[in-house]
Amino acid sequence: MSRTVTEALRAAALGCAALVVVLCLVHDRADGPRWDALAALAAGAACAGAWALATRREAVPPPAPREFEGLPSVLPRDPVDWYGVAGLLLVTVAPFAAFRFGARGEVADRYLGLGAFPLVLLALALLPALWKALTRPLPEFHRLLARDARAGRVVAVRFTLETGEWIRIIDEDNRKVLDPDPEHVRALRLRDEHGAYYGPQGLLPGLYGRSPVGRLSRFAARFKGEHVWVLWPERWEPVLAVARRQHPYAYPVAVVSETGEMVWGNAAIEYTDRYLTDRSNLRPTVPGLAARPLRPRPRFHAPVHGRLYAGLAVAAAALVPLLLGLVSGAASAWLGLLAAVAPVWGLLSASGAAHRIPDPTRWTVPPVQDLRVPAAGGS
């Protein structure tokens, strides 16, 4: 199915969910059965289901056969993910709207306030995340790299992108023997002209905003087997001096394909000096030439999206009797609370799974590395 259709399904699902929230806010239970909200709820569920069916086996398209003319001098921030912003807004407002619709006029005002208070606090706690999703701030190290590129010179090396690796490591300090929880590291596996490997990682993960799961995995799948450039700042010495004293202990990088698409990342200091100290790797950038940050294009991944859909399904099931006016009193308030909590649980559960469960169509997943065992090949 074409990208236009799948994007339209995503937008329609979010739009229908937003309409349900608005109708719950502007109408009370006393207004009778809310057939308009039920229709929007059904339409949203249909669009979400159609998107899942359309994208569950969707492959990442190959790169366009177009060479990039030199190294870019403009390394922009990632664009606004308007779907993520819309989802964050819904999570901010929907819990309060659902509980208010179920409880207002059905329980005493003190119980209404008691239930609404934590939901208001949740909305306030999410406001910084919403601001970050809109402003897309770059870390200071990466801003330095962008300025060096604009000034005209960066350190750059051409690699072959072999794959994207989802590495699982059991740290030396892990004390569990049965089913220890590994640390998950997502990185590109690059090989230089001498056969040496290099593994830049994505920016630090988060519930919203910078995440290695969407962009990095799509970049790895899209440019597998292709040549890419890794860019470091010309002024890498002050980065090293500061990075030694803080987290992350890494250099900032931009990985740019030869078609001009890019992802931001970090690279371990231990494996980078061999490139930075070679003066032949200091290269000019082309004035005015801009890279294009790769946009994430999610596909339905059941272990992740299934949790989100489960939360939304529970919320919808709780809303249906409320919208039909079939319950009243304390039962109505409890259903409203369930409809408020379920989507938040679904989102948090899906976000956690996204950073623990790789999509095997986009990632290579080697065996677990147990660093507690000398020369261990896996576990």
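The values are calculated or read from the model by the stated rules, or taken from the named source; none is laboratory data. Quantities reported herein were computed from a predicted structural model and do not represent experimental measurements. When we count neighbours, we look across all protein chains shown, and the Cβ atoms used for this are built from the backbone with ideal geometry, even at glycine.
Would you tally the residues in region 100-122 being β-branched (Val, Ile, Thr) and either surrounded by fewer than 18 Cβ atoms within 10 Å (Cβ to Cβ) or at positive phi (or both)? Total meeting the criteria: 1. For region 7-29, does any single residue satisfy the condition of being closer than 30 Å to LEU144 by Cβ and acidic (Asp, Glu)? The answer is no, given that none of the residues of region 7-29 is closer than 30 Å to LEU144 by Cβ and acidic (Asp, Glu). Hey, among the residues in region 148-195 that are polar (S, T, N, Q) and either at positive phi or assigned to a strand (DSSP E or B) (or both), which one's nearest to the chain's Cα centre (by Cα)? Going through the qualifying residues, I end up with THR163.
The residues of region 330-371 that are touching a strand residue (DSSP E or B) at 6+ places or on another chain (Cβ under 7 Å) and exposed (fewer than 15 other Cβ atoms within 10 Å of the Cβ), listed by number, are ARG356, VAL365, PRO366, LEU371. Looking at region 148-159, is at least one residue under 29 Å from LEU308 (Cβ atoms), of a type outside the set (Phe, Trp, Tyr) and touching a residue at least 40 places away in the same chain (Cβ under 8 Å)? No: region 148-159 contains no residue that is under 29 Å from LEU308 (Cβ atoms), of a type outside the set (Phe, Trp, Tyr) and touching a residue at least 40 places away in the same chain (Cβ under 8 Å). Here is the figure for region 15-73: residues that are within 30 Å of VAL230 (Cβ to Cβ) and acidic (Asp, Glu) total 3. Of the residues making up region 71-99, those that are outside any helix (DSSP H, G or I), surrounded by 14 or more Cβ atoms within 10 Å (Cβ to Cβ) and at pLDDT below 90 are ASP78, ASP81. Count of region 3-34 residues, restricted to those that are touching a residue at least 60 places away in the same chain (Cβ under 8 Å), exposed (fewer than 13 other Cβ atoms within 10 Å of the Cβ) and in a helix (DSSP H, G or I), is 2.
Could you list all residues from region 296-329 that are of a type in the set (Gly, Ala, Ser), at pLDDT 90 or above and surrounded by fewer than 19 Cβ atoms within 10 Å (Cβ to Cβ)?
We begin by selecting, within region 296-329, every residue of a type in the set (Gly, Ala, Ser); these are 302, 306, 310-311, 313, 315-318, 325, 328-329.
With at pLDDT 90 or above added as a condition, the list becomes 302, 306, 310-311, 313, 315-318.
Within region 296-329, ALA302, GLY306, ALA310, ALA313, ALA317 qualify.
Screening TYR208 against (1) of a type in the set (Phe, Trp, Tyr); (2) modelled with pLDDT of 85 or more; (3) part of a loop (DSSP other than H, G, I, E, B) leaves a single unmet condition, (2).
Taking the stated definitions as given, is VAL320 closer than 19 Å to THR92 by Cα and not small (Gly, Ala, Ser)?
Numbers: closer than 19 Å to THR92 by Cα: no; not small (Gly, Ala, Ser): yes.
So VAL320 fails the test.
For region 255-275, the candidate set comprises residues that are among the hydrophobic types (A, V, I, L, M, F, W, C) and under 11 Å from ALA156 (Cβ atoms); within that set, the residue that is surrounded by the most Cβ atoms within 10 Å (Cβ to Cβ) is VAL255. Go through TRP363, TRP345 for me and flag whichever is more than 25 Å from ARG100 (Cβ to Cβ), of a type in the set (Phe, Trp, Tyr) and within 31 Å of the chain's Cα centre (by Cα). Answer to the check: TRP363.
Hey, does region 123-142 have a residue that's in a strand (DSSP E or B) and surrounded by 15 or more Cβ atoms within 10 Å (Cβ to Cβ)?
From region 123-142, those in a strand (DSSP E or B) are none; that's our starting set.
No, region 123-142 contains no residue that is in a strand (DSSP E or B) and surrounded by 15 or more Cβ atoms within 10 Å (Cβ to Cβ).
For beta carbons closer than 7 Å, sequence separation of 6+ or different chains, a first residue in region 177-201 that is small (Gly, Ala, Ser) and a second that is outside any strand (DSSP E or B), the qualifying pairs are ALA187/GLY199; ALA187/PRO200. Considering (1) out of contact with any helix residue (DSSP H, G or I) (no Cβ under 6 Å at 6 or more places or on another chain); (2) farther than 30 Å from THR361 by Cβ, the lone condition that ALA97 does not fulfil carries the number (1).
Quick one: is PRO76 outside the structural domain of LEU308 (by TED's automatic domain parsing), within 24 Å of the chain's Cα centre (by Cα) and within 25 Å of HIS301 (Cα to Cα)? For PRO76, the condition - outside the structural domain of LEU308 (by TED's automatic domain parsing), within 24 Å of the chain's Cα centre (by Cα) and within 25 Å of HIS301 (Cα to Cα) - is not met.
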